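The values are calculated or read from the model by the stated rules, or taken from the named source; none is laboratory data. Note that the structure is a prediction, hence the values are computed from the model and not measured. Note that each Cβ is placed from the backbone with ideal geometry, even for glycine, and that neighbours are counted across all protein chains shown.
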């Protein structure tokens, strides 16, 4: 199957940045763009996998379910880390009252066991309120070390919000990955 | 004020009660006195002046522990008792100077807790009294779960390297003698700071290469990159791999248990990776789904004893991508012979380990609410104490 063109575009942008950018100004502008323009919530997105690799099932996906988003084996949590917003007064795609969604995120690719398809999931932190403390889940499928930040779940992804205080994490469905 | 008024009343009542009890005791004492002469009453206890316990010099078996909610605690491995603690913000990093004179804490604050103007700084504590002796303002730093290589010192302790991500990637170089920021060095596409030499540092990159930063004759940094040398998509290198800043020696450990021996430098020497599992007489771990075998995992999952060349790695039996699970064993490897020396079974699953650097080292393991002090040869438990997790660990001379 062909991949979304937006996916290709974002990959190109990211690769170009990674390979060619060395001037602070350009990256700073990108940072400012990120912070100022939540209309591009997927930048910087680099697919969790190399371009022509097919996403294969994992041990997490084999045991995943689609009905209970307060359990850590919920399919979208394959690359999550932190408190799940569904247990904090929010949901997989909305922040609990009293917190703000960050326009930036880290990205995972999870398999939905109902249709067998791979989907891009944006793990967006809700920020501003103190730590939720409920439903701590750490899904580590294709989660990357800190030197690959776009797929790292240890960074506090509260860039672009008025507070860097971490509250919980959403798992927003971006689209099919293939 | 209210408390001050009530306290004397309480004290008076308590004194009266003690007096009554003493009289009661006297009546039984009288009969007893017929048998032997009455003893003189014990002297009145002297009044005290509250003071601060001095910290003894740092010893080889002392463990520095970063706590998740802030604070860097020092625990004596020979007694498992706490010696003292310095304050730090949440998500802080720390490093001990090579001469053990200072403890550096990289941390971040907001004027009103969760909001208001932000300040990033390097707080300098003396290890004599654990008192704050200086603050160095930083242009920024990454806020994340603490990672060892997010803040480092050069081998001689002259420079500090603070990893910054806003979200552009850079390393803030701090002159710790002049106590001021020298330069922010951009490392696009790469992250963290792995020190080597007098002023150099390296960083692993998102594409499987490594960036190398070094200064020219004028002291200005430039950055170059190596070729890609590891499969970042399928078998990344742990960002908590061991780096010996004194020698530039690194043991890059991959999720499947490959060890890349690397000598950091202006032209890094990247050796052939070898499999931990093969060294232990097992088949190498693969990335295949359903392949259950012994794999490296944990938080601060490896530690190195420089003098003997032994690498200690937390291991668990599980699947690929389970790299964050606590380990139930520590594998001890001879890095020169690339062989397994022994496998130590832990009393409880542990997330982090640290070995001391002296000739008779102890091995610390932290997990499930306890700190274990172990014999690194036999795995025997020497002592234990309660401890709520560790975000970072450090020992003297490493």
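Quick one: in the stretch B:273-289, of everything that is away from every other protein chain (no Cβ under 14 Å) and over 29 Å from the mean Cα position of the chain (by Cα), which residue is nearest to residue B:235 (Cα to Cα)?
Initially, the stretch B:273-289 is screened for residues away from every other protein chain (no Cβ under 14 Å), giving B:273-284.
Add one more test, that the residue is over 29 Å from the mean Cα position of the chain (by Cα), and what stays is B:278, B:281-284.
Numbers: B:278: 17, B:281: 21, B:282: 19, B:283: 16, B:284: 13 Å.
Within the stretch B:273-289, the match that is nearest to residue B:235 (Cα to Cα) is B:284.
Which of the numbered conditions does residue B:224 fail, given that it passes all the others? Conditions: (1) more than 10 Å from chain A (Cβ to nearest Cβ); (2) outside any strand (DSSP E or B); (3) touching a strand residue (DSSP E or B) at 6+ places or on another chain (Cβ under 6 Å).
Here residue B:224 meets the rest and fails (2).
Out of (1) more than 9 Å from chain B (Cβ to nearest Cβ); (2) modelled with pLDDT of 95 or more, what's the single condition that is false for residue A:147?
Residue A:147 satisfies all of (1) more than 9 Å from chain B (Cβ to nearest Cβ); (2) modelled with pLDDT of 95 or more except (1).
Quick check: anything in the stretch A:60-71 crowded, with 19+ Cβ neighbours inside 10 Å, modelled with pLDDT under 95 and under 24 Å from residue A:145 (Cβ atoms)?
Taking every residue of the stretch A:60-71 in turn, at least one turns out to be crowded, with 19+ Cβ neighbours inside 10 Å, modelled with pLDDT under 95 and under 24 Å from residue A:145 (Cβ atoms).
Would you point out which residue out of B:198, B:203 is on the phi < 0 side of the Ramachandran plot and within 14 Å of chain A (Cβ to nearest Cβ)?
Details: B:198 fails: within 14 Å of chain A (Cβ to nearest Cβ).
Only one candidate passes the filter, namely B:203.
Quick one: which strands (runs of 3 or more DSSP E) sit completely within the stretch B:40-155 and have at least 3 residues that are farther than 21 Å from residue B:175 by Cβ? Break it down stepwise before answering.
Values: elements: B:62-66, B:72-76, B:81-86, B:93-96, B:102-110, B:118-126, B:132-138, B:151-153.
Because the criterion is at least 3 residues that are farther than 21 Å from residue B:175 by Cβ, the strands (runs of 3 or more DSSP E) in the stretch B:40-155 that meet it are B:62-66, B:72-76, B:81-86.
Only one of these conditions is not met by residue A:121: (1) surrounded by fewer than 21 Cβ atoms within 10 Å (Cβ to Cβ); (2) away from every other protein chain (no Cβ under 14 Å). Which number is it?
The number of the failed condition is (1).
Could you count how many residues in the stretch B:335-360 are under 18 Å from residue B:398 (Cα atoms) and surrounded by fewer than 23 Cβ atoms within 10 Å (Cβ to Cβ)?
Start the filter on the stretch B:335-360 by keeping residues that are under 18 Å from residue B:398 (Cα atoms), which leaves B:335, B:352-360.
Keeping just the survivors that are surrounded by fewer than 23 Cβ atoms within 10 Å (Cβ to Cβ) gives B:335, B:357-360.
Qualifying residue count for the region: 5.
Return the residues of the stretch A:125-143 that are at pLDDT 95 or above, buried (at least 22 other Cβ atoms within 10 Å of the Cβ) and assigned to a loop (DSSP other than H, G, I, E, B); say none if nothing qualifies.
Across the stretch A:125-143, the qualifying residue is only A:132.
Given the criteria closer than 24 Å to residue B:155 by Cα and without any contact (Cβ under 8 Å) to a residue 24 or more places away in the chain, does residue B:121 qualify?
Considered against the rule, which asks whether it is closer than 24 Å to residue B:155 by Cα and without any contact (Cβ under 8 Å) to a residue 24 or more places away in the chain, residue B:121 comes out as yes.
May I ask you to say which residue of B:258, B:314 is at pLDDT 95 or above, touching a strand residue (DSSP E or B) at 6+ places or on another chain (Cβ under 8 Å), buried (at least 23 other Cβ atoms within 10 Å of the Cβ) and more than 12 Å from chain A (Cβ to nearest Cβ)? Before you say what the answer is, go through the steps one by one.
Values: B:258 fails: buried (at least 23 other Cβ atoms within 10 Å of the Cβ).
The match here is B:314.
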